[in-house]
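Colleague: Mind looking over this structure? Questions follow.
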């Protein structure tokens with residue numbers, strides 16, 4: 001008669017030994033779509049009335065159940081489609097920059113639904129003129145959600 005036991009640390013004899021000194025669990029990293037990031041970098045700033053260039057490729061990190069986007073913490077990069085063009089002043093450096101305030105409030109104050117715009121840019125990636133049109137007309141085409 002054989003006794004079958006699960007192979008979990010609780011049932012193993014002794015303490016489990018790590019595979020190497022300070023070794024972390026293996027994480028699967030998704031390859032980045034550099035072509036899409038390059039297309040985003042060619043666009044003007046997404047903030048209405050700014051239109052500055054060059055821009056940063058800014059990730060959208062806040063969670064939104066309606067858009068099916070989970071929160072991403074520090075050290076985690078969101079999926080490749082969750083990026084928009086922002087000039088340095090609106091991304092990190094200015095007093096009302098995306099990284100200096102609540103990100104959801106940042107986008108709502110500028111009247112843009114960032115997830116709808118980011119999905120449209122992802123779907124049109126490669127068609128720079130169509131992408132540029134969407135970015136320059138973002139508040140009219142993708143108005144901020146008011147039901148929050």
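Colleague: Would you please name the residue that is nearest to residue 49 (Cα to Cα), looking only at residues in segment 126-141 that are at pLDDT 90 or above and outside any helix (DSSP H, G or I)?
Modeller: 137
Yes/no per residue for (1) out of contact with any strand residue (DSSP E or B) (no Cβ under 6 Å at 6 or more places or on another chain); (2) more than 17 Å from residue 139 (Cα to Cα); (3) modelled with pLDDT of 90 or more:
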site: 42; (1), (2), (3): yes, yes, yes
site: 57; (1), (2), (3): no, yes, yes
site: 61; (1), (2), (3): yes, yes, no
site: 67; (1), (2), (3): yes, yes, no
site: 71; (1), (2), (3): yes, yes, no
site: 74; (1), (2), (3): yes, yes, no
site: 96; (1), (2), (3): yes, yes, no
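Colleague: Can you name the condition, by its number, that residue 111 falls short on among (1) within 16 Å of residue 56 (Cβ to Cβ); (2) surrounded by fewer than 17 Cβ atoms within 10 Å (Cβ to Cβ); (3) touching a strand residue (DSSP E or B) at 6+ places or on another chain (Cβ under 7 Å)?
Modeller: (1)
Colleague: Of the residues 26, 46, which is assigned to a loop (DSSP other than H, G, I, E, B) and at pLDDT 85 or above?
Modeller: Only one candidate passes the filter, namely 46.
Colleague: Of all residues in segment 101-125, which are in a helix (DSSP H, G or I) and either in contact with a helix residue (DSSP H, G or I) (Cβ under 7 Å, 6 or more places away or on another chain) or farther than 23 Å from residue 37 by Cα (or both)?
Modeller: Residues of segment 101-125 that are in a helix (DSSP H, G or I), as a first pass: 103-109, 114-123.
Within segment 101-125, 105, 106, 107, 108, 109, 114, 117, 120, 121, 122 qualify.
The values are calculated or read from the model by the stated rules, or taken from the named source; none is laboratory data. Being a predicted model, the structure only gives us computed values, none of them experimental. Don't worry about glycine lacking a Cβ; one is built from the backbone with ideal geometry, like all the others, and counts go over all protein chains shown.
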